[in-house]
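Reading through the structure tokens given below for one structure.
The values are calculated or read from the model by the stated rules, or taken from the named source; none is laboratory data. Please read all numbers here as calculations on a predicted model, not as lab measurements. Cβ coordinates were reconstructed from backbone atoms using ideal geometry, including for glycine residues, and neighbour counts include every protein chain displayed.
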Amino acid sequence: MNKFIPISLINLTPLQSDESVNSEIHIDDLEIINNIQESIGKGGRRNIIDILKFLIPNLLKQKILNISNPEIHLRISGDGRNVGRKVKQVMITFAILNNKNNLYYPENHHTIILYPGIEKYEILQVALEQLIIELRTLKEKGLKDHQGREWKIELYFSSDWKFLAICLGLNAANSKYFCPWCEISKEQQGDLSLEWKINKTINNIHQNYKCYRGHIRPAIFDMIPLQNWVPDELHIMLRITDVLWRLVIDELKSRNTWGNKARDVIIEEMKRINVRFHFWLEVGSSTWQYTSLMGQDKLTVLQHFNLSKLFPHSRAIQIRNLWDNFYLLHKAMKDFNTDAKMFSNDTHAWLHQFLNSDFYQASDITPYIHVLVYHIPEMIKIHNHFGLAAFSCSAVEKKNHQQVSHFFKKTTKDGGGGKNGKGRKSAILDILEHENRMLYFYNCNEIESIHLPKRLRI
């Protein structure tokens, strides 16, 4: 398979210095952390055109692609898993949106670039250099497969906010001009008389990125139209749920009811709804930290946490109503049949409720809330053929987590295997070779032809 889809190494060693600390740790296994750290500076890549040519025959056979309509919708995604406090495993993948019924499976997101290190513009520029050339070729010339058939390629991009902003050359989310799609400033977020639409274009950014305030570098994927940079619905849910929970904690503090009793009540209520949760104090700090919940646990809290255990009954009902309405928006966002206009009306109504005098202030509006209210309705309308769930990064995150947990847990690190530190190749190569093998098995139907051993009872 490595002959059909060669694996190349990328040297990123000179670019990896960074003092930032991961705010949230996804993997804390010491062996994995050590193995990742020893692999820093060594990346791997596969050619997206090679992989596409290998995939096309089976996609035609499954009637996912149709030669009478020779167009492939190609989604690029990026993810960085936090391994310990200092390192990430950064993965770039692509998926074929034509295969929309199977995008929830990690194996349908194909790794094209992989490196341990950090999400940083300068590193991504180098790591993605060849991919950028390939994508520009696909955009401008299309693809000719092994049978000489020509395919038109439509490109898309989806990731969490940080990765998307880096690739777009945009300021951080807490900056004054933060939005990838419109020119809103933080001061304008509370003005509900204003309506915000996608008014930036990738052509303008490509010609002069400084024409839009907040853009500080050229876009990396400047061949992808801006309306095809699609927000990840998973992170919209995660981050807005974080805000709603933080505001509950802040309100307890403002009511002077934030103490051991309140924390004990929260822990007991979390136990009742089967969510693992605890509080702790960092050494030398008086600020209580608490468990960072995974996606499903956040949804469980959003749906089932009994707020009347913390607030007077009338106030608990108010907050519960706000939470329930957001949960309904989350469900509608993922529903293929959601009407864009109705969703827009519902998000605007929710924002009015959020800013009601009984609730919160304009300063509590986050970039993800802005995107939910003003740009998700547009995205639902633009991408109605696939549905917004087709751009979820859940499968990409799962794939990255699985690969790190498996391949860096084994002693396959550079420097392993004997006293001389030789004899074992890097886990990066192991991962990409494993992907090549899986491509062969899935696309050549080898798995179905393997005869499993039978047990005989005598």
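Within region 204-224, how many residues are in contact with an Asp or Glu (Cβ under 9 Å, 6 or more places away or on another chain), touching a residue at least 40 places away in the same chain (Cβ under 8 Å) and farther than 14 Å from ASN171 by Cα? The total comes to 1. In summary, HIS146 fulfils each of the numbered conditions (1) in contact (Cβ under 8 Å) with a residue 60 or more places away in the chain; (2) part of a loop (DSSP other than H, G, I, E, B); (3) closer than 24 Å to ALA127 by Cα with the single exception of condition (3). Evaluation of TRP196 against the conditions (1) under 23 Å from the mean Cα position of the chain (by Cα); (2) farther than 22 Å from SER77 by Cβ shows that the sole unmet condition is (1). Checked against (1) part of a helix (DSSP H, G or I); (2) hydrophobic (A, V, I, L, M, F, W, C); (3) in contact with a strand residue (DSSP E or B) (Cβ under 8 Å, 6 or more places away or on another chain), ILE133 passes all but condition (3).
Tell me, please, whether a residue that is in the same structural domain as GLU397 (by TED's automatic domain parsing), over 30 Å from ILE64 (Cα atoms) and touching a residue at least 24 places away in the same chain (Cβ under 8 Å) can be found in region 188-195. No, there is no match, as no residue in region 188-195 is in the same structural domain as GLU397 (by TED's automatic domain parsing), over 30 Å from ILE64 (Cα atoms) and touching a residue at least 24 places away in the same chain (Cβ under 8 Å). Is it fair to say TYR156 is hydroxyl-bearing (Ser, Thr, Tyr), modelled with pLDDT of 95 or more, under 24 Å from the mean Cα position of the chain (by Cα) and surrounded by fewer than 20 Cβ atoms within 10 Å (Cβ to Cβ)? Taking the combined requirement at face value, the residue does not satisfy it. Among residues belonging to region 179-197 that are surrounded by 12 or more Cβ atoms within 10 Å (Cβ to Cβ) and polar (S, T, N, Q), point out the one that is nearest to PRO377 (Cα to Cα). Restricting to residues being surrounded by 12 or more Cβ atoms within 10 Å (Cβ to Cβ) and polar (S, T, N, Q), the top hit is GLN189.
Taken together, the residues in region 243-279 that are farther than 20 Å from ILE365 by Cα and either part of a helix (DSSP H, G or I) or of a type in the set (Ser, Thr, Tyr) (or both) amount to 14. Scanning region 48-74 for residues that are of a type outside the set (S, T, N, Q), within 16 Å of HIS146 (Cα to Cα) and in a loop (DSSP other than H, G, I, E, B) returns LEU65, ILE67, PRO70. Are any of the residues in region 165-180 within 30 Å of GLN402 (Cα to Cα), modelled with pLDDT under 95 and not polar (S, T, N, Q)? There is at least one residue in region 165-180 that is within 30 Å of GLN402 (Cα to Cα), modelled with pLDDT under 95 and not polar (S, T, N, Q). Are any of the residues in region 250-265 touching a residue at least 12 places away in the same chain (Cβ under 8 Å), in contact with a strand residue (DSSP E or B) (Cβ under 8 Å, 6 or more places away or on another chain) and more than 22 Å from LEU168 (Cα to Cα)? Among the residues of region 250-265, at least one is touching a residue at least 12 places away in the same chain (Cβ under 8 Å), in contact with a strand residue (DSSP E or B) (Cβ under 8 Å, 6 or more places away or on another chain) and more than 22 Å from LEU168 (Cα to Cα), which makes the answer yes.
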